[in-house]
1. May I ask you to list pairs of residues, at least six apart or on different chains, whose Cβ atoms are under 8 Å apart, with the first in region 210-222 being under 10 Å from residue 126 (Cβ atoms) and the second being part of a strand (DSSP E or B) and small (Gly, Ala, Ser)?
2. Considering region 218-249 alone, what residues qualify as being open to solvent by less than 10 Å² (accessible area, probe 1.4 Å) and closer than 13 Å to residue 145 by Cβ?
3. Regarding region 133-144, can at least one residue be identified that is crowded, with 22+ Cβ neighbours inside 10 Å, under 17 Å from the mean Cα position of the chain (by Cα) and touching a residue at least 12 places away in the same chain (Cβ under 8 Å)?
4. Go through region 1-21 and give me each residue that's open to solvent by 50 Å² or more (accessible area, probe 1.4 Å) and of a type in the set (A, V, I, L, M, F, W, C).
5. Which condition from (1) within 13 Å of the chain's Cα centre (by Cα); (2) modelled with pLDDT under 95 is the one that residue 236 breaks?
6. Name the residue, out of 245, 261, that is at pLDDT 95 or above and either in a loop (DSSP other than H, G, I, E, B) or at positive phi (or both).
7. Kindly list, by first and then second residue, each pair from a residue in region 253-273 that is touching a residue at least 60 places away in the same chain (Cβ under 8 Å) to a residue that is of a type in the set (S, T, N, Q), limited to pairs with Cβ atoms under 6 Å and residues at least 6 apart or on different chains.
8. So how many residues does region 302-323 have that are loosely packed, with under 14 Cβ neighbours inside 10 Å and under 21 Å from the mean Cα position of the chain (by Cα)?
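The values are calculated or read from the model by the stated rules, or taken from the named source; none is laboratory data. Worth saying up front: this structure is predicted, and the values here are computed from it rather than measured. Methodologically, a virtual Cβ is constructed for each residue, glycine included, from the backbone with ideal geometry; neighbour enumeration extends over all protein chains shown. Heavy atoms of the whole protein, side chains included, go into the accessibility calculation; ligands, DNA and RNA do not. Shrake-Rupley method; radii C 1.70, N 1.55, O 1.52, S 1.80 Å.
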Amino acid sequence: MAPRFGIEEEYFVVDPGSREVVPRAADVVRRAGAALGERASTELVGFLAEAKTPPCDDLVKLEEQIRSMRAAMADAAAAEGLRLAATGTPVLGDLVPAPISAGPRYAESLATYRGLDDEQSICSCHVHVEMPDRERAVLVGNHLRPWLPTLLALAANSPFWAGRDTGHACWRVLAWARWPVAGPPPYFASLAHYEDIVASLLECGALMDTGTIFWDVRPSERLPTVEVRVADVALTAADAAALAGLVRALVESAAAAVDAGEPAPDPPQEMLRAAYWLAARDGAAGTGVDVRTGRPAAHRDLAADLLAGAGPALRESGDAERVTRGVRRLLAGGTGAERQRAAHRRRDRLTDVVDAALLPDGPMPRTPPVQPEP
């Protein structure tokens with residue numbers, strides 16, 4: 001049986017007139033609590049509201065939960081005279097320094113990380129996949145490392161920042177890159193190795209606490225899961241569900257490799273960093289690096305390799321057609337970043353970009369047909 005999984009998403013609170021971000025996430029979360037309870041929460045920056053699905057055992061249920069969660073958050077924002085936008089970086093607004101949410105932990109973050117908090121206005125999607133123990137979660141993470149740049153390219157949804165096109169498909173990941181413990185994780189020989197490194201980072205002050213381990217794959221500190229954190233928040237619920245289904249299949253494939261005693265690929269961290277930047281710059285339409293070989297490769301071809309590797313797990317869970325359709329939709333109809341830029345080109349208005357990202361869901365591109373499995 002496939003493991004249970006769920007997602008966390010962050011959204012920008014925007015003024016419906018100006019479409020600029022506004023620091024009223026606490027009001028939206030308070031209102032959303034009636035429907036979502038503790039599954040709605042604030043974040044470090046007052047522009048961001050977060051929501052979480054419950055754990056789900058199949059992809060159809062998860063997509064239903066994502067849609068209902070987004071609708072509940074949108075309704076809460078509307079009741080406050082606000083809207084929510086699903087984009088990885090803020091399109092419009094006065095952003096720096098960011099308004100830090102109230103609370104002792106956020107105050108400690110500002111004291112520890114200082115100017116890094118000033119530009120921490122970013123929204124991501126975290127996929128949690130259930131794991132039997134933390135040792136397994138760490139070893140699975142090793143097998144996921146080569147696929148992180150491709151996932152990043154497919155999930156890119158942050159081309160604009162504060163009124164300008166950054167020239168990148170995923171500006172959010174470059175904002176993260178400045179943090180001391182973020183981006184692609186190193187290779188860990190065991191859970192003990194992971195915990196030794198974390199202890200050293202805590203001791204030297206690079207980590208405020210274990211909640212500030214921002215690697216793009218990590219064993220969750222509060223849930224029995226491996227957490228994959230590489231994606232921008234998705235433009236639509238369908239995009240989010242396709243990503244989650246793909247991530248779960250990759251995790252299952254990695255777990256099978258661990259059980260079989262297969263060594264995980266260990267690409268150099270410098271190669272992963274370069275692959276991240278290429279994926280963030282050009283997105284799924286561009287050429288990146290196959291970190292397994294060190295050779296250039298189109299992200300379209302890397303996505304095909306990724307689907308092939310995840311294929312047995314996708315077929316076992318019954319998600320093959322749904323996830324393949326979602327990936328092909330992103331490749332043919334455009335990632336979130338490409339669709340944001342298309343919205344801007346129509347009238348050369350950044351307000352149209354925000355409108356395309358508004359919850360409960362942005363516009364859906366036409367879905368290419370999926371060929372039957374051979």
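1. Hits for this filter: 216/182; 216/183.
2. 226, 228, 230
3. Yes: one or more hits.
4. Within region 1-21, 1 is the sole residue that qualifies.
5. For residue 236, the exception is condition (2).
6. Going through 245, 261 in turn, the sole match is 261.
7. 264/142
8. 0
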